[in-house]
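Here the structure is laid out as C-alpha coordinates; the discussion comes afterwards.
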Amino acid sequence: MEKLQYISQGNTIQEQEFHIRKALDNGIKWVQVRWKNAPENELINLCEISKQLCSEYQSVCIINDHVQIAKEIDADGVHLGLNDSAIEEARLILGENKIIGGTANTLSDVIRRINESCDYIGLGPLRFTTTKEKLSPVLGFEGYQKIINGLREQSIDIPKIVAIGSVGLEDILPLQEIGIYGVAVSGLITKQPSIINELKKVMI
(Lines give C-alpha, C1' and ligand atoms only; values in the text may rest on other atoms or scores of the structure.)
Protein backbone atom coordinates (compact mmCIF):
# COMPACT_ATOMS: atom_id res chain seq x y z
CA MET A 1 0.00 0.00 0.00
CA GLU A 2 1.26 3.47 -0.91
CA LYS A 3 2.67 5.54 1.96
CA LEU A 4 1.87 8.84 0.24
CA GLN A 5 -1.75 9.56 -0.65
CA TYR A 6 -3.23 12.61 -2.37
CA ILE A 7 -6.71 13.81 -1.44
CA SER A 8 -8.16 15.86 -4.29
CA GLN A 9 -9.26 19.47 -3.96
CA GLY A 10 -11.25 21.92 -6.04
CA ASN A 11 -14.64 23.64 -6.11
CA THR A 12 -15.45 22.71 -9.71
CA ILE A 13 -14.99 19.60 -11.82
CA GLN A 14 -12.39 21.48 -13.89
CA GLU A 15 -10.34 22.43 -10.80
CA GLN A 16 -10.57 18.91 -9.40
CA GLU A 17 -9.47 17.29 -12.66
CA PHE A 18 -6.64 19.80 -13.10
CA HIS A 19 -5.23 19.10 -9.60
CA ILE A 20 -5.55 15.33 -10.00
CA ARG A 21 -3.74 15.44 -13.36
CA LYS A 22 -0.96 17.60 -11.87
CA ALA A 23 -0.49 15.20 -8.94
CA LEU A 24 -0.33 12.21 -11.31
CA ASP A 25 2.08 14.03 -13.63
CA ASN A 26 4.34 14.58 -10.62
CA GLY A 27 4.37 10.92 -9.64
CA ILE A 28 1.54 10.39 -7.15
CA LYS A 29 0.46 6.74 -7.02
CA TRP A 30 -2.65 7.05 -4.85
CA VAL A 31 -5.52 9.48 -5.42
CA GLN A 32 -8.53 9.81 -3.16
CA VAL A 33 -11.27 11.66 -5.03
CA ARG A 34 -12.92 13.94 -2.48
CA TRP A 35 -15.41 16.59 -3.53
CA LYS A 36 -17.92 17.47 -0.85
CA ASN A 37 -21.27 19.07 -1.79
CA ALA A 38 -20.74 18.32 -5.49
CA PRO A 39 -23.72 17.89 -7.85
CA GLU A 40 -24.13 14.12 -8.16
CA ASN A 41 -23.85 13.89 -11.95
CA GLU A 42 -20.65 15.98 -11.90
CA LEU A 43 -19.21 13.89 -9.07
CA ILE A 44 -19.86 10.69 -11.02
CA ASN A 45 -18.26 12.28 -14.07
CA LEU A 46 -15.19 13.33 -12.05
CA CYS A 47 -14.87 9.84 -10.55
CA GLU A 48 -15.02 8.28 -14.03
CA ILE A 49 -12.35 10.68 -15.33
CA SER A 50 -10.17 10.04 -12.25
CA LYS A 51 -10.44 6.27 -12.57
CA GLN A 52 -9.42 6.52 -16.23
CA LEU A 53 -6.47 8.80 -15.41
CA CYS A 54 -5.30 6.64 -12.51
CA SER A 55 -5.42 3.56 -14.76
CA GLU A 56 -3.25 5.35 -17.34
CA TYR A 57 -0.73 6.31 -14.65
CA GLN A 58 -0.98 2.92 -12.90
CA SER A 59 -2.13 4.67 -9.75
CA VAL A 60 -4.70 3.69 -7.14
CA CYS A 61 -8.09 5.44 -7.36
CA ILE A 62 -10.08 5.68 -4.10
CA ILE A 63 -13.49 7.36 -3.87
CA ASN A 64 -14.35 9.30 -0.73
CA ASP A 65 -17.71 8.32 0.88
CA HIS A 66 -19.60 7.05 -2.17
CA VAL A 67 -19.59 3.25 -2.15
CA GLN A 68 -22.09 2.91 -4.99
CA ILE A 69 -20.12 5.20 -7.31
CA ALA A 70 -16.93 3.28 -6.47
CA LYS A 71 -18.68 0.08 -7.50
CA GLU A 72 -20.15 1.53 -10.70
CA ILE A 73 -16.83 2.88 -12.00
CA ASP A 74 -14.80 -0.06 -10.66
CA ALA A 75 -12.58 2.16 -8.52
CA ASP A 76 -9.85 0.52 -6.44
CA GLY A 77 -11.78 1.25 -3.26
CA VAL A 78 -13.44 3.75 -0.93
CA HIS A 79 -12.59 5.85 2.09
CA LEU A 80 -15.36 6.15 4.68
CA GLY A 81 -15.79 8.72 7.44
CA LEU A 82 -16.98 7.75 10.91
CA ASN A 83 -20.57 8.66 10.04
CA ASP A 84 -20.62 7.29 6.49
CA SER A 85 -21.71 3.82 5.36
CA ALA A 86 -20.65 0.89 7.50
CA ILE A 87 -17.43 -0.86 6.52
CA GLU A 88 -19.16 -4.27 6.46
CA GLU A 89 -21.84 -2.96 4.13
CA ALA A 90 -19.19 -1.46 1.81
CA ARG A 91 -17.34 -4.79 1.84
CA LEU A 92 -20.50 -6.63 0.77
CA ILE A 93 -21.07 -4.18 -2.08
CA LEU A 94 -17.46 -3.94 -3.29
CA GLY A 95 -16.18 -7.43 -2.59
CA GLU A 96 -13.08 -8.73 -0.86
CA ASN A 97 -10.50 -7.37 -3.29
CA LYS A 98 -11.24 -3.66 -3.01
CA ILE A 99 -9.48 -1.32 -0.60
CA ILE A 100 -11.59 0.12 2.20
CA GLY A 101 -10.17 2.86 4.38
CA GLY A 102 -11.84 4.38 7.42
CA THR A 103 -11.42 7.62 9.32
CA ALA A 104 -10.53 7.72 13.03
CA ASN A 105 -9.82 10.41 15.62
CA THR A 106 -9.41 8.53 18.93
CA LEU A 107 -7.97 5.26 20.25
CA SER A 108 -11.47 3.78 20.47
CA ASP A 109 -12.13 4.82 16.83
CA VAL A 110 -8.91 3.04 15.79
CA ILE A 111 -9.87 -0.13 17.66
CA ARG A 112 -13.35 0.02 16.12
CA ARG A 113 -11.79 0.35 12.65
CA ILE A 114 -9.45 -2.60 13.33
CA ASN A 115 -12.44 -4.71 14.38
CA GLU A 116 -14.26 -3.69 11.20
CA SER A 117 -11.29 -5.00 9.17
CA CYS A 118 -10.41 -1.74 7.41
CA ASP A 119 -7.45 -2.00 5.05
CA TYR A 120 -6.02 1.24 6.42
CA ILE A 121 -7.04 3.97 8.86
CA GLY A 122 -6.96 7.70 8.14
CA LEU A 123 -6.15 9.15 11.56
CA GLY A 124 -6.22 12.86 12.27
CA PRO A 125 -6.16 15.72 12.11
CA LEU A 126 -2.50 16.35 12.87
CA ARG A 127 -3.23 20.07 13.12
CA PHE A 128 -5.93 22.55 12.11
CA THR A 129 -6.97 22.25 8.48
CA THR A 130 -9.37 24.31 6.39
CA THR A 131 -10.08 21.36 4.08
CA LYS A 132 -12.61 19.79 6.42
CA GLU A 133 -15.79 21.53 7.51
CA LYS A 134 -16.49 19.60 10.72
CA LEU A 135 -13.03 19.14 12.17
CA SER A 136 -12.44 16.53 14.86
CA PRO A 137 -10.21 17.48 17.82
CA VAL A 138 -6.64 18.15 16.67
CA LEU A 139 -4.23 15.36 17.68
CA GLY A 140 -0.75 16.83 17.26
CA PHE A 141 2.24 14.47 17.51
CA GLU A 142 1.39 13.74 21.16
CA GLY A 143 -2.07 12.51 20.17
CA TYR A 144 -0.65 10.06 17.63
CA GLN A 145 1.93 8.85 20.16
CA LYS A 146 -0.79 8.28 22.79
CA ILE A 147 -2.88 6.24 20.35
CA ILE A 148 0.08 4.09 19.25
CA ASN A 149 1.06 3.59 22.92
CA GLY A 150 -2.54 2.67 23.73
CA LEU A 151 -2.53 -0.03 21.04
CA ARG A 152 0.81 -1.39 22.27
CA GLU A 153 -0.43 -1.48 25.88
CA GLN A 154 -3.35 -3.64 24.74
CA SER A 155 -1.01 -5.82 22.62
CA ILE A 156 -2.91 -4.86 19.47
CA ASP A 157 -0.91 -5.03 16.23
CA ILE A 158 -0.40 -1.55 14.82
CA PRO A 159 -2.54 -1.27 11.67
CA LYS A 160 -1.65 0.77 8.58
CA ILE A 161 -2.37 4.24 9.92
CA VAL A 162 -2.22 7.22 7.57
CA ALA A 163 -1.87 10.67 9.17
CA ILE A 164 -4.06 13.43 7.80
CA GLY A 165 -4.68 17.14 8.43
CA SER A 166 -2.24 19.80 7.19
CA VAL A 167 0.68 17.36 7.01
CA GLY A 168 3.91 19.02 5.86
CA LEU A 169 7.23 17.71 4.57
CA GLU A 170 8.89 18.13 7.98
CA ASP A 171 6.16 16.05 9.70
CA ILE A 172 6.74 12.80 7.83
CA LEU A 173 9.79 11.47 9.68
CA PRO A 174 8.49 12.29 13.19
CA LEU A 175 5.17 10.60 12.34
CA GLN A 176 6.87 7.50 10.97
CA GLU A 177 9.11 7.33 14.04
CA ILE A 178 5.96 7.27 16.18
CA GLY A 179 4.76 4.26 14.19
CA ILE A 180 2.48 5.89 11.62
CA TYR A 181 2.53 4.08 8.26
CA GLY A 182 2.04 6.96 5.84
CA VAL A 183 0.45 10.34 5.16
CA ALA A 184 -2.48 11.71 3.18
CA VAL A 185 -1.79 15.18 1.82
CA SER A 186 -4.24 17.57 0.22
CA GLY A 187 -3.44 21.29 0.38
CA LEU A 188 0.33 21.02 0.06
CA ILE A 189 0.23 18.85 -3.09
CA THR A 190 -2.62 20.90 -4.60
CA LYS A 191 -0.59 24.11 -4.21
CA GLN A 192 2.80 22.58 -5.06
CA PRO A 193 2.52 19.26 -6.92
CA SER A 194 6.29 19.24 -7.58
CA ILE A 195 6.82 18.52 -3.86
CA ILE A 196 5.61 14.91 -4.35
CA ASN A 197 9.13 13.73 -5.12
CA GLU A 198 10.53 15.30 -1.94
CA LEU A 199 7.70 13.83 0.14
CA LYS A 200 8.44 10.37 -1.25
CA LYS A 201 12.16 10.70 -0.55
CA VAL A 202 11.70 11.23 3.20
CA MET A 203 9.41 8.20 3.58
CA ILE A 204 11.06 5.38 5.51
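The values are calculated or read from the model by the stated rules, or taken from the named source; none is laboratory data. If you're wondering where the values come from, they're calculated on a predicted model, not measured in any experiment. Please note: Cβ atoms are built from the backbone with ideal geometry, for glycine as well, and neighbour counts cover all protein chains shown. All accessible areas refer to the heavy atoms of the entire protein, side chains included, with ligands and DNA or RNA removed. Shrake-Rupley method; radii C 1.70, N 1.55, O 1.52, S 1.80 Å.
Using 0.36 nm per residue, how much length does the chain from Gln52 to Lys36 gain when fully extended, once their Cα-Cα distance is taken away?
3.7 nm
Only Cα pairs under 8 Å and at least 6 apart count here; give the relative contact order of region 4-202 as a rounded whole percent.
Computed over region 4-202, the figure is 19 percent.
Arrange the peptides 53-65, 181-193 so that the one whose residues have, on average, the most other Cβ atoms within 10 Å appears first.
181-193, 53-65
State the extension gain, in nm to one decimal, for the chain segment bounded by Gln68 and Thr129, taking 0.36 nm per residue of separation less the distance between their alpha-carbons.
Value of the extension gain: 19.2 nm.
Show the residues, 5+ positions off or on another chain, whose built amide H is closer than 5 Å to the amide H of Gln192.
none
Can you bin every Cα-Cα distance in the chain into 5 Å intervals starting at zero and give me the percent of pairs per bin, rounded to whole numbers?
Final binned percentages: 1, 8, 17, 20, 22, 17, 11, 4, 1, 0.
Residue by residue through region 192-199, what is 3J(HN,Hα) from phi via Karplus (6.51 cos²θ - 1.76 cosθ + 1.60, θ = phi - 60°)? Round to whole Hz and write x for glycine and proline.
9, x, 5, 6, 3, 4, 5, 4
Note the full-extension length gain between Lys200 and Glu142 as 0.36 nm times their separation in residues minus their Cα-Cα distance, in nm to one decimal.
Full extension of this stretch gives 18.5 nm more.
Could you give the accessible area per residue of the chain, probe 1.4 Å, as a whole number in Å²?
49
How would you classify region 61-154 from its alpha-carbon gyration tensor, with a ≥ b ≥ c the square roots of the eigenvalues: rounded for a/c under 1.5, else prolate if a/b is greater than b/c, otherwise oblate?
Because a/c hits 1.5 or more and a/b fails to exceed b/c, region 61-154 counts as oblate.
Of His19, His66, which has the most accessible area with a 1.4 Å probe, and how do the rest follow in descending order?
His66, His19
So if I place +1 on the C-beta of Lys and Arg and -1 on the C-beta of Asp and Glu, and nothing else carries charge, what would the dipole magnitude of region 151-204 be about its Cα centre? I want it in debye, nearest 20.
220
Can you give the calculated 222 nm mean residue ellipticity of the chain, where each DSSP H run of n ≥ 4 adds -39,500 (n - 2.57) and the sum is split over every residue, rounded to the nearest 500 deg cm²/dmol?
Helix contribution divided over all residues of the chain: -12000 deg cm²/dmol.
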